[in-house]
Amino acid sequence: MAPRRSRRRVPADVHKRVGDDLASAAAVQRAAPAAHPRFLEKGFYLFRSEQHFGIAGHPDRVALFPRSDRYEILRLMGTNGWNDGIGPDSIVAWLRALERFYAFCPDVVDQGTEAVDALAQDLGESQRLYCWWD
């Protein structure tokens, strides 16, 4: 199920609560993470579906899926690296492996990268696997 994309304007009361730049990178950075747990409790996953960094005035976009499994959402969004022959299922498998790695060696995240996503990025950039235990 693809996210519904709406061209409707955000209600004025939302603008008043979040600011006039609701769709700006800074506003999304502030609002989406704070709202995500409330949506997740109701079985919805809120996330940034497009990030434009304010380039050429293009706003970031957020999406709301009626699912709570982040891996299913990656599949539904079609997250891929097709140029390198990597499809959504491969990405999900790799991320699940990282979670198992975190369970095996939590200090690498807890005292190192501080987030599994950051660990994934670090491993991808360095091309080196390392462990850290105290």
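The values are calculated or read from the model by the stated rules, or taken from the named source; none is laboratory data. Every value quoted in this text rests on a predicted model; they were computed, and no experiment measured them. Backbone-built Cβ (ideal geometry, glycine too); neighbour counts: all protein chains shown.
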Which listed residue, of Phe53, Phe101, is hydrophobic (A, V, I, L, M, F, W, C), part of a loop (DSSP other than H, G, I, E, B) and within 28 Å of Gln127 (Cα to Cα) | Phe53
Just to be sure, is Ser68 in contact (Cβ under 8 Å) with a residue 40 or more places away in the chain and closer than 19 Å to Ala31 by Cα?
-> no
Residues in region 69-98 that are of a type in the set (S, T, N, Q) and either in a strand (DSSP E or B) or touching a helix residue (DSSP H, G or I) at 6+ places or on another chain (Cβ under 6 Å) (or both) total 2
Do we have Gly85 as over 20 Å from the mean Cα position of the chain (by Cα), assigned by TED's automatic domain parsing to the domain that holds Ala32 and over 20 Å from His36 (Cβ atoms) here?
-> no
Here the residues within region 98-125 that are at pLDDT below 85 and small (Gly, Ala, Ser) are Ala120, Gly124
In this structure, is Pro88 within 17 Å of Tyr71 (Cα to Cα) and either at pLDDT 90 or above or among the acidic types (Asp, Glu) (or both)?
-> yes
Residue among Ile91, Ile86 that alone is among the aliphatic types (A, V, I, L, M) and out of contact with any Leu (no Cβ under 8 Å at 6 or more places or on another chain) = Ile86
Residue set Leu46, Leu95; condition outside the structural domain of Leu129 (by TED's automatic domain parsing), at pLDDT below 90 and buried (at least 16 other Cβ atoms within 10 Å of the Cβ); output residue Leu46
Verdict on Gln51 being exposed (fewer than 12 other Cβ atoms within 10 Å of the Cβ), of a type outside the set (Gly, Ala, Ser) and modelled with pLDDT under 85 | no
Would you say Leu129 is touching a helix residue (DSSP H, G or I) at 6+ places or on another chain (Cβ under 9 Å) and surrounded by 11 or more Cβ atoms within 10 Å (Cβ to Cβ)?
-> no
Somewhere in region 55-63, is a residue among the basic types (Lys, Arg) and closer than 30 Å to Leu129 by Cβ?
-> no
Select from region 106-134 the residues that are assigned to a loop (DSSP other than H, G, I, E, B) and touching a Cys at 6+ places or on another chain (Cβ under 8 Å) and list them in ascending order.
-> Cys131, Trp132, Trp133
Any idea which residue in region 16-43 is nearest to Gly78 (Cα to Cα), counting only those that are at pLDDT 85 or above and loosely packed, with under 13 Cβ neighbours inside 10 Å?
-> Gly43
